[in-house]
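Notes follow once the structure below has been shown.
The values are calculated or read from the model by the stated rules, or taken from the named source; none is laboratory data. Just so we're clear, the structure is a prediction, and the values are computed from it rather than from any experiment. Neighbour counts run over all protein chains shown; Cβ positions are idealised from the backbone, glycine included. Protein only, heavy atoms only, side chains kept; ligands, DNA and RNA dropped before computing areas. Shrake-Rupley method; radii C 1.70, N 1.55, O 1.52, S 1.80 Å.
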Amino acid sequence: MKIIRIHNTGKGILAVDESTKTIGKRLKGIGCENTEENRQGYRGMLFSSPGLGKYISGAILYEETLYQNHADGTPFVKMLKDQGIFPGIKVDTGLQPFPGGHEVETWCTGLDGLQERAAAYYKQGARFCKWRAVLQITADGAPTDAALKENAWGLARYARACQESGLVPIVEPEILMDGDHSIETTARVQEKVLSTVYKALADNGVFLEGSLLKPSMTVPGAECTEPVTKEKIAEYTIRTLERTVPPAVPGITFLSGGLSEEEASLYLNCMNEKPRKGPWSVTFSYGRALQQSALKVCANIEG
Ligand code: 13P
């Protein structure tokens with residue numbers, strides 16, 4: 001397998017792979033209709049931002065965008081590559097309820113025919129991919145062991161299938177911020193989640209050097225009333241990763257998960273300011289925390 005450097009010091013990944021339904025919510029927020037033309041226009045605006053390639057090394061796309069052209073006729077894939085940005089693709093097909101688990105739990109679908117789809121995405125220019133499994137912490141038992149194992153196994157099967165087709169898999173076990181649990185609880189649960197994920201990756205022979213991890217940061221639940229500093233969040237996040245992520249993994253690319261642009265930037269900066277034992281690079285793969293301001297600018301232009 002060829003090793004490509006999607007993670008790159010000083011740069012991060014732009015997650016612009018919202019499903020048609022999710023981007024519809026974002027566009028509605030700025031009073032814009034969810035049409036193919038508007039999705040193309042909005043994403044074309046992002047990809048033609050001057051200097052984008054100085055800060056962004058990869059862009060995760062939704063399938064529609066991978067095959068779409070900019071308004072001037074240039075394929076989006078070419079636009080990105082011309083700026084030194086690797087095109088990536090979201091390959092999971094979404095979450096489904098997890099019968100037998102806690103009522104909030106889900107499992108992630110998309111394994112059927114994945115190797116063939118991944119090969120077609122590679123042919124179209126994608127070089128890396130993403131699969132998002134979601135777990136939630138509740139006071140009454142979630143995540144259950146069953147949901148944790150299922151989601152870890154799905155991530156591992158996905159990573160293996162996509163590596164067979166030449167794509168670098170981003171492994172994304174998101175722990176939602178919903179809840180009032182403490183940062184200590186998040187750290188404890190996340191250690192268990194990441195250990196289970198890396199055990200499943202090992203069991204499936206995933207080539208760790210050709211993969212990336214996209215975790216949530218180790219933050220308290222959004223409704224937790226106990227104040228916590230950015231230094232503590234950085235310290236707990238790095239500690240969690242050092243305890244669970246094998247050194248063969250080259251890069252950690254965080255999701256923002258509902259943090260504001262400022263919070264997500266400050267926490268990440270704090271992590272990079274301190275020396276750490278883990279050899280991996282630590283950067284961003286934000287969706288909302290990179291697009292909130294861009295959407296507002298868009299709203300002003302439209303309005
Ligand atoms: P957020 O940064 O908005 O969480 O999105 C990142 C992502 O790709 C989620 O799968």
Residues other than Thr244 with Cβ under 12 Å of its Cβ, Lys/Arg counted +1 and Asp/Glu -1, net out at +3
In Å³ per residue, the alpha-carbon convex hull of the chain encloses 132
Counting only protein heavy atoms and rolling a 1.4 Å probe, one gets per residue an accessible area for the chain in Å² of 45
For the range 227-303, the charge dipole (Cβ of Lys, Arg +1; Cβ of Asp, Glu -1; about the Cα centre) points to a positive end, and the Cα of Leu266, Ser285, Ile238 closest to that extreme belongs to Ile238
For Lys130, the aspartates and glutamates lying under 13 Å Cα to Cα, once residues fewer than eight places off in the same chain are dropped, come out as Asp17, Glu18, Glu63, Asp92, Glu172, Glu174
With only helices counted (DSSP H, runs n ≥ 4, each -39500 (n - 2.57)), the per-residue ellipticity at 222 nm for the chain, to the nearest 500, works out to -13500 deg cm²/dmol
Taking only protein heavy atoms and a 1.4 Å probe, the highest-to-lowest accessible-area order of Ser285, Ser182 is Ser182, Ser285
Once the in-chain neighbours fewer than 8 apart are removed, the lysines whose Cα is under 22 Å from Lys54 read Lys11, Lys78, Lys81, Lys214
With a 1.4 angstrom probe the carbon and sulfur portion of accessible area for the range 85-149, in percent, totals 52
Sorted by accessible surface (1.4 Å probe, heavy atoms of the protein chains only), largest first, Met271, Met45 come out as Met45, Met271
Note, Tyr55: beta-carbon cut-off 14 Å, +1 each Lys/Arg, -1 each Asp/Glu, net +1
Length-normalised contact order of the chain, Cα under 8 Å, at least 6 apart, in percent, tallies to 17
Contour minus Cα-Cα span, Ile301 to Glu273, at 0.36 nm per residue, comes to 6.4 nm
With +1 on the Cβ of every Lys and Arg and -1 on the Cβ of every Asp and Glu, the dipole magnitude of the range 41-193 about its Cα centre, in debye rounded to the nearest 20, is 840
For Arg132, the residues 5 or more places away or on another chain with a placed amide H closer than 5 Å to its own amide H are Asp92
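Heavy atoms only, 1.4 Å probe, whole protein assembly: order Glu191, Glu172 by accessible area, highest first.
Values: Glu191 45, Glu172 5 Å².
Highest to lowest solvent-accessible surface, that is Glu191, Glu172.
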Toy charge model, Lys and Arg Cβ at +1, Asp and Glu Cβ at -1: the chain dipole around Cα centroid in debye, rounded to 20, equals 1060
Computed from the beta carbon distance with a Förster radius of 25 Å, FRET efficiency for Lys192 and Ala139 to the nearest 0.05 stands at 0.90
For Phe98, the accessible surface traced by a 1.4 Å probe with all protein chains present amounts, in square angstrom to the nearest 10, to 30
